[in-house]
Each structure stands twice: as C-alpha cells, then as structure tokens.
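K.L.:
Have a look at the structure that comes next, please.
Each reported figure results from applying straightforward, stated rules to the coordinates on display, with no laboratory input. None of the values given here were measured: they were computed from a predicted structure. Heads up, the Cβs are rebuilt from the backbone with ideal geometry, glycines too, and the neighbour counts pull from every protein chain shown.
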Amino acid sequence: MMPAALVEPTLEPVESLLRDELARGDAMLAAAGPVLRYLLVPEGRMLLSDEVVARVRGMLADVAGQLLAAQAEAGRVADPVSFVDEREARLAERLADEPALLAHVHGLAVEGRLTLQLQARSNVDPVLCPLLQELTASSDDALAGSAMAVLAAQARFLQHYRRMALPLGELPGELLHVALLALRAEAGGQDSAAATAERHLRDAFDESCGRLGLISRLVMQADKSALHALDVRHAGLAIFASALATASGQDRDGTVLSFSDVQFVRLALTMRAAGFGPQQIERQSLYLLPETVLPEGLGRLSAERAAMLLTASAWRSS
C-alpha cells in the first residue's frame, strides 16, 4: 500500500475541479431565488418575459452564427453549415457572459416589444412617425437624406426583431470588438482563420451606417426638432430613446431598459435629468407606462441632482 503522502497530491486537480463546480453551483443557486421571484411578479414580465428571453437567446445565437460563418469562410471549410451548427451554442454562451453585450441585446428585445405595444395601444407608427414624416420632406437635402436612412433602418430593425436576428453591422463598435474577442477566445489564439475573419469583419464595419448611428446623427442634425424628438408620440420609441439618452447623459441601453414598470423611478429620473418638468414626465409616461404614478416630490429635484442619482446607481450596462 502506497503512503498517504504520495497519494494525496494526485487528488488536488480533482479537488480543484470540484471546488470550481461547487462555486459555480453556489452562484447559480444564489441567483436562482431573485431571478425566479422577478419572473413570478407581474412587474418583471416586461424585462424578463419568456418572449424577451427567447429573443435575447435568438439574437445572441444569430451573432454567434455570423461570426462562425465568417471564420468558416476565411478557413475555406468544406461544410460551413455543420461547422457553424457544431459551435454556435458554445459561442453564444460565451457572448452571453459579456455584460455590456448582453445588456445591449436585452435592450433591443425590450425596444422591439415596446415599439409594437405602442402601435397597438396608442397608434404610434413603429416606422413612419410624424417626426420622420416632417424631416423626410425637409428642404434641407442632408437632413431629408438622414431621415430617409433612419426610416429604412427602423424598418429593417423590426424585420430583424421578428426574426430574432442581429446583424453584426448593427452593433455599436465597442460591442463588435467584444464579440470578436469572444470569437478569438473560442477559436484559440493560434487559429489563423478566426484571425482572418476578425480582420475582414473589422475592415467592413462602419458604425455610422448602423441604425443607432443613423438615429444619433439625425438627432444632432435636427436641432430645431429637438423638442419633438423628446416626445415619444411624435418621434417614435427609437428616436425618443436616443434623444432622451443624449439629453440626460445616460447610456441608451439603460434608458431603454428603464421603460418598464419596475424601472419607473429610473425612467422618471432620466427624464428629469434631461430637463423635463413634472407635466412633461407625466405626459410621456402615459404612453410608456400608463399605469404608473410619479414619485412624490420629483418636480423639486433639480436636473443636476437627478443626473447625480443616476450616476451613483449601482446598475451599469457596461
């Protein structure tokens, strides 16, 4: 029989693996209760409904599939479909581990759902809002051209939303970078096909041509229509969200995720930070969250103080 001293060291790798798995299990159990409760209460259904979760999962899988298809093309893989199918779920899981990317995709899923709800509830056109109708008829050719580009981009967004698709070109630049790093990590640092795919995707990318880039440019161009951009009934949800995020100095993804009952205080503070008075906040809330009540004393809070409260908030999308 071998001495215990010679046997015990060989168990260390096993114990290390078991410790890691226990830690992972502990984290999952710790998170399960709050998440389950959030899913069970009515206020959580907008942010984490079955539909929203399914769309987030679908969009992450679509991003993973595009990255892998580019890798397969760069590597001249004989059967690219099988190549993608075998790896898509694993890469999608890696992408889901990126907080900023996950928050962005979550925001898109919530935005798409709310856009269609606004159409059904308040007859707010999901594509051709009154503001875009005005701007596309502008005598300023550059402004009219930007408005037409936003119109086309918003129509594509709704098509992508229905198909649970997210083209790589629609990602913000920093999130495309995150996605490409995930591809690199999944493929292994020495994979030349992944490196070639990454280079090609970076070279082809132009953030200004994506929907969010186009909306941002339009909001900056339409100075005289700035107030209309901060009216969800007139500007539609997409332009309103971008304009509100800009005016309040907040992140757009976080702004979109505040359009739910459970995040109403965040939305009210965001509108106050953008300079909205109580009546303006109430009017916009009637469209976004018709059953909510304004926090007491909000009107006495300065825009600067509201912005400070938001900055001090523990939640961040990135």
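K.L.:
Can you tell me the mean projection area, over all orientations, of the convex hull of segment 208-318's alpha carbons? Units nm², please.
P.N.:
Values: hull surface 27.6 nm².
If you wrap the Cα atoms of segment 208-318 in a convex hull and average its projections, you get 6.9 nm².
K.L.:
Below 8 Å between Cα atoms, with a sequence gap of 6+, how large is the relative contact order for segment 196-318 in percent? Present the calculation step by step, with values, prior to reporting the outcome.
P.N.:
Values: 110 pairs, mean separation 24.7, N = 123.
With pairs under 8 Å counted, the relative contact order is 20 percent.
K.L.:
Here is a follow-up. What relative contact order, as a whole-number percentage, does segment 47-311 give when Cα pairs under 8 Å and 6 or more residues apart are counted?
P.N.:
Value for segment 47-311: 21 percent.
K.L.:
Per residue and in cubic angstrom, what volume does the convex hull of the Cα atoms of segment 67-115 have? It would help to have the intermediate numbers written out before the result.
P.N.:
Numbers: hull volume 4.5 nm³, N = 49.
It is 93 Å³ per residue.
K.L.:
If you take every residue apart from residue 88 with its C-beta less than 12 Å away from the C-beta of residue 88, what net charge results, scoring Lys and Arg +1 and Asp and Glu -1?
P.N.:
On the way: positive: 57, 87, 90, 94; negative: 62, 85, 86, 93, 186.
Here the count lands on -1.
K.L.:
Can you tell me the order of 263-271, 84-92 when each peptide is scored by its average per-residue count of other Cβ atoms within 10 angstrom, highest first?
P.N.:
Per-residue mean Cβ counts within 10 Å order the peptides as 263-271, 84-92.
K.L.:
Determine how many Å³ per residue the convex hull of the Cα atoms of segment 95-184 encloses. It would help to have the intermediate numbers written out before the result.
P.N.:
Values: hull volume 9.2 nm³, N = 90.
In segment 95-184, the Cα hull volume divided by residue count equals 102 Å³.
K.L.:
When the expected Rg is taken as 2.2 N^0.38 Å, what fraction or multiple of it is the alpha-carbon Rg of segment 47-311? The partial results should precede the final answer.
P.N.:
Numbers: Rg = 19.8 Å, N = 265, 2.2 N^0.38 = 18.3 Å.
The reported ratio for this selection is 1.08.
K.L.:
For the ranges 211-222, 57-68, 298-309, what's the packing order if you count other beta-carbon atoms within 10 Å of each residue, average per peptide, and put the highest first?
P.N.:
57-68, 211-222, 298-309
K.L.:
Can you sort 116, 135 so the residue with the fewest Cβ neighbours within 10 Å comes first?
P.N.:
Details: 116 16, 135 25.
Starting with the residue having the fewest Cβ neighbours, the order is 116, 135.
K.L.:
Run the paramagnetic zone check for residue 49: 7 angstrom along Cα to Cβ, then residues of segment 145-188 with backbone nitrogen under 16 Å.
P.N.:
161-164
K.L.:
Quick check: convex hull of the Cα atoms in segment 116-272, volume per residue, rounded to a whole Å³?
P.N.:
Values: hull volume 20.6 nm³, N = 157.
Normalising the Cα hull of segment 116-272 by residue number yields 131 Å³.
K.L.:
Pop out the ³J(HN,Hα) list for segment 270-275 in order, Karplus 6.51 cos²θ - 1.76 cosθ + 1.60 with θ = phi - 60°, rounded to Hz; leave Gly and Pro as x.
P.N.:
5, 5, 5, 5, 7, x
K.L.:
Using θ = phi - 60° and the Karplus form 6.51 cos²θ - 1.76 cosθ + 1.60, what ³J(HN,Hα) does each residue of segment 284-297 get, whole Hz, x for Gly and Pro?
P.N.:
Listing the rounded values in order: 5, 5, 4, 7, 7, 9, x, 9, 8, 10, 4, x, 5, x Hz.
K.L.:
Take 287, 161 and order them by how many other Cβ atoms sit within 10 Å, fewest up front. Write down the numbers at each step before the final one.
P.N.:
Details: 287 18, 161 21.
By the 10 Å Cβ count, ascending: 287, 161.
K.L.:
Using each residue's phi in segment 145-154, evaluate 6.51 cos²θ - 1.76 cosθ + 1.60 at θ = phi - 60° and report the 3J(HN,Hα) Karplus result to the nearest Hz, with x for Gly and Pro.
P.N.:
x, 5, 5, 5, 5, 5, 4, 5, 5, 5
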